[in-house]
Structures are given as structure tokens and as C-alpha cells.
Amino acid sequence: MNTEHMPSYDQTAQLAKAEAGVDQLFSQRNDRWYPSCHIASKGGWINDPNGLCFFKGRYHAYYQLHPYGTQWGPMHWGHVSSEDMVTWRREPIAMAPSFEAEKDGVFSGSAVISDDGKLVIYYTGHRWRNGVDEGTEGNLQEQCMAISEDGIHFEKKGVVVPCPDDRIPHFRDPKVWKQGDTWTMVFGVCTPEHRGEIWMYTSENMVDWTFVGPVYKHPDPDVFMLECPDMFPLGDKWVICYSAMGLKPKGFESRNHNNAGYVIGTWEPGQPFRQETDFHLWDDGHNYYAPQTFQGPDGRRLVFAWMSPFTSPIPMENDGWCGQFTVPREVELADDHLRTQPIREYAQLDQNRKDFGPITLEVNESRTLLADAATADIDLEIDLAHSQAERIGLELHRTANGDHTLVCYDDQLQRVVLDRHCNSYGDRGYRTAPLDRSDGRLKLRIIVDHGSIEVFVNDGLEVLSSYSFPAEGAREIRLIAESGEGQAIINSLSIAGLATIWEHPDRN
Ligand code: FRU
């Protein structure tokens, strides 16, 4: 451990200042799009989920936080916790920059529980090489360690994995797990040749780390950095996932500024990873990045991601906050890819579920289901085998001026579409997800919050997560059938409202 980088100024004062920064933004917050059933900071900017864990009877979710503004800036770790992943409590900000190696930011990382029962965080200490910005010199990034007895207060231990080469511009986001008696760490690297790789280190004592080698090298020369890599066992397979910088769009795929996905294969310590599948996006929506998984106390593999607002305009920036997580999802293996669905506990937030189905719509018919739904958890099943409409689906966040986001089955594309072209606020554009039509029906579960929509296709075989910022006034949900030779047949349709996730909604 490199103790020369030990705390050089008062972290307590930095944390107090950061809390005041968040409070200041909170006091001016406009709630028109602020989520009530997703994790977000009560003020300021957030990005990646960090340090996800279950520790001493509570789930902990930390996150990249800029407490002084609604755009990315010097990174801190914000913190929320929960007993059941349904109701969340705001916790004090966990880490602020406090020593030389992290002076420009406490970047992303992960949490493990040591054999003596402490919470140990590995994260990246970040500095600009030129002292000001990334410039052409890049970043000086090193993996650091911090320890906590209670998950709330952290003692920083300094740098444990220094950057081995001055020509490396990106070197960050450690994910750690225990394999037998060995601690294993992976993180993302941009090599001096500008290629994206995932490097692996191991340790017997959690402090001294030995370089094993690259465990994954991205084959595409455009991909220069693999942010927030994760590596975990699932069934008899291993999954490697990462958030790729530089990946170019290809048809329907990888259309966002940066894109998060995974490959599945097999792996044993000391052996190379054997990839068995192609790269698959975690999520086909506009806003999904930097997912981090962890194992729940019952063995489930759980994942949170950041709904990344990469493309302007980003209107929530004017509202005192910016950025939210996706709902917590469970990850399962489904042949050659992953199925992700909201954790079953999420159903506890359901309020006043209303049954609307079955319904048959004539050509170009539409029907208002709810006159004003700020939040909704929708279950919809469409009979594809017997429907002839060209598009069948729901207009969500529909306001009096005609703005809405359409989620539908599109028979020309034979895909599920999330289309924001009718919106006055935020980025527009559409995204699509493939589907298997072989059993003649399509199941959609759709979670609507004040400023976001998540669509789970056929029990999470595909997902689309996107921000959607409705205009002023009541937010209608409308069922539509568009064009085609005949009817749209809905086998079943029900909609619930969603309760808030906050333990103290009045203070959040
Ligand atoms: C991904 C990322 C990470 C980094 C963090 C900084 O969104 O760029 O690679 O650690 O965000 O906030």
C-alpha cells in the first residue's frame, strides 16, 4: 500500500461542504420529472452505481455524485440504503476527495466484505495529468481502498494498485470478488496503443495486489476503453460485462454515445476466459450505462444501472438534479443471453391495480385508459397471432399538447419500439428491441416514472430504458392501434400506480 498518498486534508469538512451543496440544489428542485420510484440524489448530478452490497442487514447503493451542480464534476460517493430494496433511506455522503491521488475525483468502484466482517471499498482515485482536464495527456488513475465498520463512515487506506505506465490514459473502475481464498480485481484500461482491455489482479490479503494479465481484450480497434467492467458467475457460465467507449452504431444496435453490454463464456482462475457468445447489449433503450451487479444474500444476481443522459438537451439539468438509476433488476441466464426483470419485491410498490383487459381495438382506434398517471406499472399482453394492426401499443406521458412517448409492437419492423418523436422536452428519437414471435403473443411490462420509461419484453428477454420528459398538465395513458388490415387484440392489460421508494418522502 502506498501510504505517501494518505489523507492530506480534512475529509469531514469536505463531506459537510458537499452535503450543503446537495441541500442547496434540493431547495430549488423542480419535481416535474423527479423520480418517486427510482434512486436519484435529492439534488445534484449522479452517474454510476458504486459499491453495491448487502452488509449488516441492509442493502447499500452508493453512486457517483457531483454535489455542486447538475452536470458531471468532481466526483464524490453519494449513498442510500434499504432493508428490502423497496424502501430506501438517504445516508450521508460517503466519500469526498481528500488526498492527492484522488484530488480530482473519487471515481467508481465496488464493495466486498472482508473475512473479519468489514466493508471494504475499492475505487479509483482520479487526477488530471495536466492538472486541469483530460486534455491530450489523459488521466492519472489508481485503484484505492477504504474500509468501513458501518457502511456509512469510511477510513481511506490509500492507493493499492498504482498505474504502471505513464502512457495509460484510462485505468479505472475496480470490481472485486473472492474466489476460494483469493481476492480478484478487474478494471478497465485504455492501453498506450489506445485499445480497450480488462485487466485482472489478485491478492491474498486485500492490500498487496499482483497483476495477472488482461482477461479480456476488445476485438474492435474503435473501442478504446471498457468502463465499469464486471465479471461474475451465473449458472455454469461466467459473464463479462463492460461499458464500451468508442463502439460505433450498427443498424439497431449500440446507438447511444457509449453502450453497455456483455459476453458469456467460461472461466477458471489461472485460465483465459473462453467467450461463447457475441456481444449483447444489456438494454436497447436510450439511457442505460455503467451497470454494476452484486449477489444478494439469497444468491440472486442483482443489477443497478445509471440512466445515462448522454445526448442533449437534458432538461432535468435545469431542475436542480440530474440522473437516476434503473429499477433494481434480477439477472438470469436465458440460453445465449441474459434475462433481466425488476426484482419481485418491486411489486410491493403497486397501488390500486386496475384491470382493463381483454380489449379489441378496431383499425386506428385509440382509447384513454387513465387520465393522469404520473407513475405506472403496466402489464400488457398482445395477441400477435390474431392481430392485424400495423402498430399496437401505448402512448405514455401523453399531455394535452399532444406530446407523448409511444411504446408499441411494430409489425413492419417486427420489433418493440420506444419512440419519443412527439416530445417537446429532451432528446427525441426511437429505439427498438428484437423479439421472438414464435408463440404468437407479446408480453410487455412497463414501468413509468415522472421522467422515465422502462419496457421489459417477454419477461425481460430484452429491455428498453429511456428518459421521457412529459410536457405540462395531466399525463394520460392511451391504448392505440394504427393502420393495417384489421383489429388489435389485447389478451390482458392491467395498470397499477407506484408508491414512493423513500422512507421519508416529505424530506426527499
Ligand atoms: C462511467 C465513468 C467511470 C468513472 C466514472 C466517473 O460513467 O466514466 O468510468 O469511474 O464514470 O464519474
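Structure notes:
- Residue in segment 2-20 that is under 20 Å from residue 315 (Cβ atoms) and either within 16 Å of the ligand (Cβ to nearest atom) or modelled with pLDDT of 95 or more (or both) present: no
So that you can scan it fast, the table gives a plain yes or no per residue for (1) within 16 Å of the ligand (Cβ to nearest atom); (2) of a type in the set (S, T, N, Q); (3) open to solvent by 10 Å² or more (accessible area, probe 1.4 Å):
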site	(1), (2), (3)
236	no, no, yes
243	yes, yes, no
246	yes, no, yes
256	yes, yes, yes
264	no, no, no
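- Only one entry of 283, 208, 230, 298 meets the criterion of being at pLDDT 95 or above, acidic (Asp, Glu), away from the ligand (no atom under 16 Å from the Cβ) and touching a strand residue (DSSP E or B) at 6+ places or on another chain (Cβ under 9 Å), and that entry is 208.
- Residue 222 among the acidic types (Asp, Glu) and either open to solvent by 70 Å² or more (accessible area, probe 1.4 Å) or within 16 Å of the ligand (Cβ to nearest atom) (or both): no
- Close pairs (8 angstrom Cβ cut-off, 6 or more residues apart or separate chains): in the same structural domain as residue 290 (by TED's automatic domain parsing) in segment 241-256, β-branched (Val, Ile, Thr) and open to solvent by less than 30 Å² (accessible area, probe 1.4 Å) anywhere: 241/263; 241/293; 242/198; 244/223; 245/223; 246/223; 247/223; 252/432
- Condition check for residue 101: assigned by TED's automatic domain parsing to the domain that holds residue 154 and closer than 13 Å to residue 53 by Cβ: no
- Scanning segment 398-410 for residues that are assigned to a loop (DSSP other than H, G, I, E, B) and either aromatic (Phe, Trp, Tyr) or open to solvent by less than 60 Å² (accessible area, probe 1.4 Å) (or both) turns up 399, 402, 403.
- Against the test of being among the charged types (D, E, K, R) and either part of a helix (DSSP H, G or I) or without any contact (Cβ under 8 Å) to a residue 12 or more places away in the chain (or both), the options 84, 116 yield a single qualifying residue, 116.
- So residue 274, is it more than 30 Å from residue 419 (Cα to Cα), in contact (Cβ under 8 Å) with a residue 12 or more places away in the chain and either away from the ligand (no atom under 16 Å from the Cβ) or in contact with a strand residue (DSSP E or B) (Cβ under 8 Å, 6 or more places away or on another chain) (or both): no
- In segment 137-159, the count of residues that are without any contact (Cβ under 8 Å) to a residue 12 or more places away in the chain and either surrounded by 21 or more Cβ atoms within 10 Å (Cβ to Cβ) or not in a loop (DSSP other than H, G, I, E, B) (or both) is one or more.
- Lone qualifier among 426, 484, 460, 440 - being of a type outside the set (Ser, Thr, Tyr), in contact (Cβ under 8 Å) with a residue 12 or more places away in the chain, at positive phi and surrounded by fewer than 17 Cβ atoms within 10 Å (Cβ to Cβ): 440
- For segment 349-397, the set of residues classified as of a type in the set (Ser, Thr, Tyr), under 30 Å from residue 37 (Cα atoms) and surrounded by fewer than 18 Cβ atoms within 10 Å (Cβ to Cβ) consists of 366, 368, listed by residue number.
- Pairing each residue of segment 56-75 that is closer than 17 Å to residue 154 by Cα with any residue that is away from the ligand (no atom under 14 Å from the Cβ) and aromatic (Phe, Trp, Tyr), provided the two are 6+ apart or on different chains, yields C-beta distances under 8 Å for 60/54; 61/88.
- In segment 303-339, residue nearest to residue 242 (Cα to Cα) [restricted to those that are in a loop (DSSP other than H, G, I, E, B), within 16 Å of the ligand (Cβ to nearest atom) and not hydrophobic (A, V, I, L, M, F, W, C)]: 308
Each row is one residue, and each column tells you yes or no for (1) aromatic (Phe, Trp, Tyr); (2) assigned to a loop (DSSP other than H, G, I, E, B).
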| site | (1), (2) |
| --- | --- |
| 263 | no, no |
| 293 | no, no |
| 346 | yes, no |
| 360 | no, no |
| 363 | no, yes |
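The values are calculated or read from the model by the stated rules, or taken from the named source; none is laboratory data. Nothing here was measured: the structure is a model prediction, and the numbers come from that model. We place every Cβ from the backbone using ideal geometry, glycine too, and count neighbours over all the protein chains shown. When the accessible area is computed, the model is the full protein with side chains, heavy atoms only, and any ligands, DNA or RNA have been set aside. Shrake-Rupley method; radii C 1.70, N 1.55, O 1.52, S 1.80 Å.
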